[in-house]
Structures are given as C-alpha cells and as structure tokens.
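Trainee: I have a structure here, written as structure tokens, and I will follow up with some questions on it.
The values are calculated or read from the model by the stated rules, or taken from the named source; none is laboratory data. Quantities reported herein were computed from a predicted structural model and do not represent experimental measurements. FYI the Cβ positions are ideal-geometry reconstructions off the backbone, even for glycines, and counts take in every protein chain you see. Surface accessibility is based on the protein's heavy atoms, side chains included, excluding ligands, DNA and RNA. Shrake-Rupley method; radii C 1.70, N 1.55, O 1.52, S 1.80 Å.
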Amino acid sequence: MISVRSRPPQLSGNKRLIFLGIAILVAACSPKVRPVVVAPVKPESEKSVVKVEPPKPAPPKQSTIAMLLPFELDHLSSGYTDATLKQANIALDYYQGFKLALDSLTALGYNYKLQVYDTKGLTSQAHAFAYNPQVRASDLIVGPIFPDDLKAFTSVLVGARKLIISPLSPAAPATIANQNLVTVIPPLEYHASVTAKYIHTRLNPQKIFVLKSGYSEDNDYIVPFKNTIDSLSKGRTQVVQTVIVRGKLTALVPQLSAISPNIFLISSTNQAFLTVTMHSLDSLARKYPVILFGHPSWEKFSFLHADILQRLRTHITSTDQVDYKAAATIDFLRSYRKAYHIEPSEYAIKGFDEGLYFGKLLGANKGEVKNLTDNDFTGLHNNFHFIKKPGVGYINTHVNMMDYRYYELRKVE
C-alpha cells in the first residue's frame with residue numbers, strides 16, 4: 001500500500017503538475033481490492049470429514065518510507081515563481097520515478113507504505129519534520145534534497161539509527177556530519193580522485209599543469225586531486241599550479257613537450273575565465289600535444305564548444321550517463337510513459353534507480369536497510385558503490401570517465 005500525506009492540487013501555469021501531481025498522488029492513496037473467493041458447499045456426506053489446512057505463509061512485512069520533498073504546495077494560491085516551480089517539478093519527477101520502482105518491487109511480493117511530506121522549500125519546515133512521530137518511526141527516510149534543509153533535519157536526529165538518504169545533492173557529507181547519512185550522488189572530491197587515478201594509471205605523466213582562475217572554489221577540486229596524485233605517484237609527478245590571467249599561457253611554453261602529451265587540468269566553472277582560457281589553450285594545441293581534464297559541471301555548459309573540446313582531447317567525469325539503447329532503459333521508458341504519459345527527466349531516472357536499490361534492500365532485510373558496502377548496484381543513470389566513513393555515513397564513490405569523440409561525450413572504456 002502506498003499512502004501519501006498530502007495530495008497536490010493544481011499547480012498554477014503548469015498542466016503537467018495539474019494532471020499528474022493530483023492524479024498520481026491520489027492514485028497512490030487508492031486501496032488495493034482483493035477478489036473474494038466463495039468456498040463451495042460440501043455434500044452432506046463430507047461434512048464429517050475434518051481436513052487440516054496447511055498454514056498460510058506470513059504476509060511480507062510492510063516497510064514504511066518517509067519522503068521529504070519540496071512540492072511547494074503553498075504557492076498554489078499565490079502563484080509559482082520560476083524557482084519554486086522548478087523545485088516542485090524536481091520533487092514530482094523524483095517521486096514518480098521512486099514510486100514506479102516500488103510498484104515494480106510490489107509486483108514481486110514486497111510491501112511498502114510510502115508517506116510523502118512537503119518541505120515547501122523551507123529549512124524551518126524540514127527541521128520541524130524531524131520531530132514528526134510518523135517520520136521518526138519510518139524504516140527509511142528519503143530527503144530533504146537541499147544541503148541546508150538536510151543539515152537542519154539531521155541535526156535533530158543525531159542519535160537515530162535509521163538511514164537518511166540524500167538523494168540528489170553531491171554536497172560533501174562532512175558539511176552534514178551525520179553517521180546515518182547516505183550520499184547517493186558522488187561528491188566532487190571523488191570526481192577529482194577518479195581523474196587523478198585515471199591520469200596516473202593511463203598516462204603516467206611527469207608533469208600536470210593546473211590552470212587556476214584565481215577563485216577559491218577551484219580548490220574544492222584541486223586539493224583532493226593533488227592529494228591523490230601525490231599519494232599514487234609518491235611525489236614523482238609534479239603538479240604545476242598557475243593562475244591564468246586573460247588567457248595568457250606563454251609562461252608555460254618552456255615547460256611543454258613537443259612530442260609527449262601535455263596534461264592540463266582546469267577545475268574552474270567560471271564562464272568568462274573558461275571562454276578565454278579554452279581559446280588560448282586551443283591555439284597552444286596547434287604546436288603542442290594537449291590532453292585536457294575538466295570539471296564535471298562542464299557537461300551542462302552550452303557555451304563550451306564541442307569542436308574545441310574535441311581538439312583538446314577533453315576528459316571529464318560524470319555520474320549521469322544513460323544508455324538509451326540498453327534493454328533495462330527501454331523497459332523503464334515504456335513503463336514510465338504508460339504510467340505518467342510523459343518522458344522521464346533525469347530526476348525521475350534517479351528516483352527509479354534509488355527506489356529499486358533501497359526498496360529491495362528494505363524488503364530483503366525485513367524493513368531494514370543494511371550492508372550497503374556489500375551491495376553494489378548497476379543503475380540506469382549511474383552505478384552505486386558505497387563506502388562508509390566514520391561520522392559522515394555512506395558515500396557512493398562510483399564515477400565514470402568520459403571524453404569527447406565524434407563531437408559528443410562518450411564513456412571511456
């Protein structure tokens with residue numbers, strides 16, 4: 001049985017939320033009707049015969065899941081802004097994917113009760129839900145989805161033993177500091193670490209040139225990258241860090257090789273810096289062989305030109321690569337379209353993957369999620385490989401290495 005705490009009414013200006021938000025959540029509340037079987041009347045001669053019926057198998061334990069998402073229902077009367085409507089759509093998409101996964105598992109004999117709570121995009125509301133008896137009594141808690149909301153929520157549940165899933169945020173779990181937290185989206189430091197391991201294993205260069213924008217945010221990637229390189233190479237690989245101003249790279253030319261690939265790393269996400277620096281690096285690559293490694297956010301930057309990225313042999317890491325030709329993906333798309341009559345977003349796909357993974361663990365362990373480090377998972381959008389770190393909980397560390405080939409981003413085998 002799936003139960004929902006509040007059913008979303010019409011969402012202003014958005015037909016998808018009007019018809020789906022209400023219909024899906026109301027459908028989730030619908031009771032399941034079992035057929036009534038009428039026993040046949042026995043002949044008089046057989047009434048004295050006592051038959052021993054075999055014991056009926058115990059019904060599967062019902063696992064309760066509390067889901068805290070920003071449906072922003074308070075804006076139904078006052079109207080949605082672009083920001084609040086975006087949050088509501090993310091919440092609805094994720095919910096639909098997660099519920100479709102639970103429906104699939106229910107067909108296999110599992111039993112769930114899904115209770116949905118609207119955090120309204122407010123940190124104070126997320127904090128208040130931590131005191132809700134129904135939320136606290138759940139077998140698994142999914143959400144809130146924003147780091148500040150999650151921090152406020154988990155601060156109340158420091159001593160609780162049940163797992164709290166951070167479903168969509170790659171924020172460093174150290175900022176939340178809860179031993180029961182499960183961070184599903186790999187934080188940036190694991191992208192940096194995977195990149196460092198790839199460079200050391202596949203390329204093994206003597207030097208790596210790190211081009212910095214001058215903003216401190218660059219260090220969120222550079223520090224774990226350098227730490228991993230230093231550890232793997234035992235200090236034999238030199239990491240040359242240089243702040244680049246107006247795209248000027250001439251100071252690096254004396255250190256470049258005209259024969260072997262020159263490895264560059266740019267961890268910036270600043271559009272102005274990237275636009276100028278990438279053009280300068282593209283000019284440099286006409287004389288010197290270059291392999292460039294960049295920030296995972298570049299995948300979504302339309303201002304970065306595919307032809308330049310390909311000429312620079314650009315590599316980035318990613319956790320959102322869906323193989324739309326795979327049989328599992330085709331089955332999911334067919335089921336999602338049939339259930340909701342729309343195409344799934346990336347949040348719906350993530351919800352489906354996470355619903356399958358945690359729902360199956362709940363059902364297999366009689367309402368308890370455990371042994372995450374022993375249960376890897378191959379999903380539609382990413383794989384799950386969890387490690388456990390003291391004080392910060394479980395972290396998914398699986399990251400794909402991608403490169404630009406044929407003017408598109410492809411997985412490196």
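This table checks each residue for (1) modelled with pLDDT of 95 or more; (2) more than 24 Å from ARG202 (Cβ to Cβ); (3) in a strand (DSSP E or B).
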| residue | (1), (2), (3) |
| --- | --- |
| LYS226 | yes, no, no |
| PHE264 | yes, no, yes |
| THR269 | yes, yes, no |
| ILE291 | yes, no, yes |
| GLU299 | no, no, no |
| ARG313 | yes, no, no |
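Trainee: Could you please find all residues in region 381-397 being over 11 Å from the mean Cα position of the chain (by Cα) and part of a loop (DSSP other than H, G, I, E, B)?
Mentor: HIS385, PRO390, GLY391, VAL392, THR397
Trainee: Would you call ALA192 touching a strand residue (DSSP E or B) at 6+ places or on another chain (Cβ under 9 Å), surrounded by fewer than 19 Cβ atoms within 10 Å (Cβ to Cβ) and outside any loop (DSSP other than H, G, I, E, B)?
Mentor: When the stated conditions are applied, ALA192 does not pass them.
Trainee: Please specify each residue of region 123-144 satisfying the condition of being open to solvent by 10 Å² or more (accessible area, probe 1.4 Å) and among the β-branched types (Val, Ile, Thr).
Mentor: Scanning region 123-144 gives a single hit, THR123.
Trainee: Here's something else I'd like to know. Out of (1) open to solvent by less than 40 Å² (accessible area, probe 1.4 Å); (2) of a type outside the set (Ser, Thr, Tyr); (3) assigned to a loop (DSSP other than H, G, I, E, B), the odd one out for LYS120 is which?
Mentor: (1)
Trainee: Please determine, by comparing only the residues of region 363-373 that are in contact with a Lys or Arg (Cβ under 9 Å, 6 or more places away or on another chain) and part of a helix (DSSP H, G or I), which one is most open to solvent (accessible area, probe 1.4 Å).
Mentor: Looking at the filtered set, the residue picked out is THR373.
Trainee: Examine region 343-357 for a residue that is over 19 Å from VAL142 (Cβ atoms), outside any helix (DSSP H, G or I) and free of Cβ contacts under 8 Å to residues at least 12 places away in the same chain, and state whether such a residue exists.
Mentor: Within region 343-357, one or more residues are over 19 Å from VAL142 (Cβ atoms), outside any helix (DSSP H, G or I) and free of Cβ contacts under 8 Å to residues at least 12 places away in the same chain.
Trainee: OK, next. Among the listed residues HIS398, HIS385, identify the single one that is in contact with a helix residue (DSSP H, G or I) (Cβ under 9 Å, 6 or more places away or on another chain) and open to solvent by less than 60 Å² (accessible area, probe 1.4 Å).
Mentor: HIS398
Trainee: Could you check ASP353 against (1) at pLDDT 95 or above; (2) under 30 Å from SER104 (Cα atoms); (3) open to solvent by 70 Å² or more (accessible area, probe 1.4 Å); (4) not small (Gly, Ala, Ser) and say which number it fails?
Mentor: For ASP353, the failing item is (3).
Trainee: Now for a separate question. Of the residues ASP331, ASP376, only one is without any contact (Cβ under 8 Å) to a residue 60 or more places away in the chain, open to solvent by 70 Å² or more (accessible area, probe 1.4 Å) and closer than 17 Å to LYS99 by Cα; which?
Mentor: None of the others qualify; the one that does is ASP331.
Trainee: Let me ask you something else. Among the residues of region 294-307, which ones are under 16 Å from ALA272 (Cα atoms) and of a type in the set (A, V, I, L, M, F, W, C)?
Mentor: Matches in region 294-307: TRP298, PHE301, PHE303, LEU304.
Trainee: Residues that are acidic (Asp, Glu) and outside any loop (DSSP other than H, G, I, E, B): does region 101-111 have at least one?
Mentor: Yes - at least one qualifying residue is present in region 101-111.
Trainee: Taking the condition of being buried (at least 23 other Cβ atoms within 10 Å of the Cβ), among the aliphatic types (A, V, I, L, M) and closer than 24 Å to HIS341 by Cα, how many residues in region 59-99 meet it?
Mentor: Residues that pass the stated criteria total 5.
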